[in-house]
1. List the number of the failed condition for A:L197; all other conditions in (1) modelled with pLDDT under 95; (2) of a type in the set (A, V, I, L, M, F, W, C); (3) surrounded by fewer than 23 Cβ atoms within 10 Å (Cβ to Cβ); (4) closer than 27 Å to A:S352 by Cα hold.
2. When you check A:A371 against the structure, is it small (G, A, S) and touching a strand residue (DSSP E or B) at 6+ places or on another chain (Cβ under 9 Å), yes or no?
3. May I ask you to verify whether B:R65 is at pLDDT 85 or above and more than 22 Å from A:R166 (Cα to Cα)?
4. So which residues in the stretch A:228-244 are aliphatic (A, V, I, L, M) and facing chain B (nearest Cβ under 8 Å)?
5. Given (1) in contact (Cβ under 8 Å) with a residue 60 or more places away in the chain; (2) farther than 25 Å from A:A404 by Cβ, identify the lone condition not met by A:R339.
6. Name every residue in the stretch A:70-92 that is hydrophobic (A, V, I, L, M, F, W, C) and either within 22 Å of A:A428 (Cβ to Cβ) or in contact (Cβ under 8 Å) with a residue 60 or more places away in the chain (or both), in order of residue number.
7. Filter the stretch A:107-149 down to the residues that are without any contact (Cβ under 8 Å) to a residue 40 or more places away in the chain, in a helix (DSSP H, G or I) and closer than 17 Å to A:V40 by Cβ and list them by number.
Amino acid sequence: MKTPQAHAPPPAPAPGAARRAALGGSFLSGAVGRLLPASVPFRYFGAAVVFHLAAWLVVLLSAADWPAWRGGLGWPLAALHLVTLGTLAASAIGASLQLLPVATRMPVRWPRLPALLWWIYVPGVVVLTAGMGLARPPWLALGAAGVIAVLLGYGLLLALNLRGARGMAGVVLHGWGALIALALLLASATALVMLWLGRPLLDRDSARGLHLAAGVFGFMGLLALGLSSVLLPMFALGRVPDDRRQLAAGGAALTAVALAAAAALAPAVAMPLRVTALLCGAVGLVLHLRLMRGVLAGAMRPDLGWGGRLMHMGWAGLALTLVLAAAALAADAASPWARLFGLAAVGGWLTSFLFGVLQRILPFLAAMHAAQGRRRAPTPSALTLGRALAWHAVAHALALVLLAAGIAASSALLVRAAGATGTVGAAAFAVFLATLLQRLRRAMAAPAD
Amino acid sequence: MSMPTPEPATLGSDGCWHIDVRGLPPPQPLLLILRQVDDHGHDGRALIVHHDRDPAMLYAELAERGWWAERIDGDPGEVRLRLAAT
């Protein structure tokens, strides 16, 4: 810290001019131009938590279907989409629309639109997954139409935000990659729905391969990797990684996704494309982990508690995903490696990472919201039910291990145990969220000081 | 790191610390302000923040530290905050 002699200070306000325009965090109202009202991301996060609980309940109740399931219609497919669409994509919408404006320094265009889209998205996911579970293609098509329409609207908002972005080139690159992947995801989803309706646009293997590459690794994966450069510094109070290193890591990840997507559309050269995609993915992962380690190494708050442990578990899950992908490439189609690869990607990587993020960001956003007009606003820690988060994290990890064992051993008993354990964890997270909202409501009801 | 080297806080003639974080990308302003609060917040002086936008992420972190913020008059286009312990 320098003295005034060493460095001239900015002009100080005139005596008496320090008129109080607002108290505490009441500036949030002034930040509306850049940040969405908390109710918008919270409704998506709330839906994600409910769909997460529903997914584990479906696993519990449909355990007998899992050993024979190979990817067709049925409750295992419904459980998968309750996680991917209901939990991961819903959270991605809430988190990206809340956080990207901070990174890009561009407000969300039409801030009321995300709130309206929620009313189409949630019923859409319910109808879509019910159609999958009950093997009713018309329901599936109806639900898919709603979900695809919402994701198109979300994609438009994302594109408008990225187009006007200022700074954070690495995050923006990941964002554009995720957006292109979203377009491929929606195209492949349409092709799959048409297949189930008996009007094929694309062969089944190509549509499924494209859906997996574009959805899990492209849309969700690139968003998770890109937003990490905003989220981790924010949570840990560390420095944002260098743009060039972000671009290098993002470039490798984007190349991997592009090659995996191309492999789905070019069966004749699928194997070399997939092997190259795997190698690029491994390079991207190493570069990304080095960035994240750099953020934590110099951070003011390197220990992120249970949320941090889940984020680390997510990164380990991504590494395991790549190993299992290699095993699946070397094995025959009937082996369990492909299903374990899918579980590692969706459960081990994305879901673990997402809930690590949610554990940290939900109390933070709630405290921001509660601060409006108050000198003494509740702190994030005062809104957090810590025990519920510990229960959730432990149960989440155990449930994934049990589910992997159940898939590998074709054991309905182990899958049922996974469903029960996952339900406990998901319920614990729901209790955490309900408690947080209750405490938030109480804080908001208290008279402003 | 690609971010510019920030100017440190300075002690103004009004008896307050001043920190100018205008033009810095997020979360650099947040980090600089909190580091100032953590390192020098115990000296009883208020901290005047000269910002170019409302630091929405700051308030929850301040609350965790027992601090609060109020907006005071600043230059056109500036968001000027006075931070103090509660």
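The values are calculated or read from the model by the stated rules, or taken from the named source; none is laboratory data. Everything numeric here is computed off the predicted structure, so don't read it as measured data. Cβ atoms come from the backbone with ideal geometry, glycine included; neighbour counts cover every protein chain shown.
1. Here A:L197 meets the rest and fails (4).
2. The answer is yes for A:A371.
3. Working: at pLDDT 85 or above: yes; more than 22 Å from A:R166 (Cα to Cα): yes.
Against the criterion (at pLDDT 85 or above and more than 22 Å from A:R166 (Cα to Cα)), B:R65 qualifies.
4. If the condition is that a residue be aliphatic (A, V, I, L, M) and facing chain B (nearest Cβ under 8 Å), then A:V230, A:M234, A:L237, A:V240 are the ones that fit.
5. Unmet for A:R339, out of (1) in contact (Cβ under 8 Å) with a residue 60 or more places away in the chain; (2) farther than 25 Å from A:A404 by Cβ: (2).
6. A:L73, A:A79, A:L80, A:L82, A:V83, A:L85, A:L88, A:A89, A:A90, A:A92
7. Result: A:L116, A:L117, A:W119, A:I120.
To keep it simple, each residue is scored yes or no on (1) within 23 Å of A:L88 (Cβ to Cβ); (2) at pLDDT 95 or above; (3) outside any helix (DSSP H, G or I).
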{"position": "A:S228", "(1), (2), (3)": "yes, no, no"}
{"position": "A:G238", "(1), (2), (3)": "no, no, yes"}
{"position": "A:A248", "(1), (2), (3)": "no, yes, no"}
{"position": "A:L254", "(1), (2), (3)": "yes, yes, no"}
{"position": "A:L278", "(1), (2), (3)": "yes, yes, no"}
{"position": "A:G281", "(1), (2), (3)": "yes, yes, no"}
{"position": "A:G284", "(1), (2), (3)": "yes, yes, no"}
{"position": "A:A299", "(1), (2), (3)": "no, no, yes"}
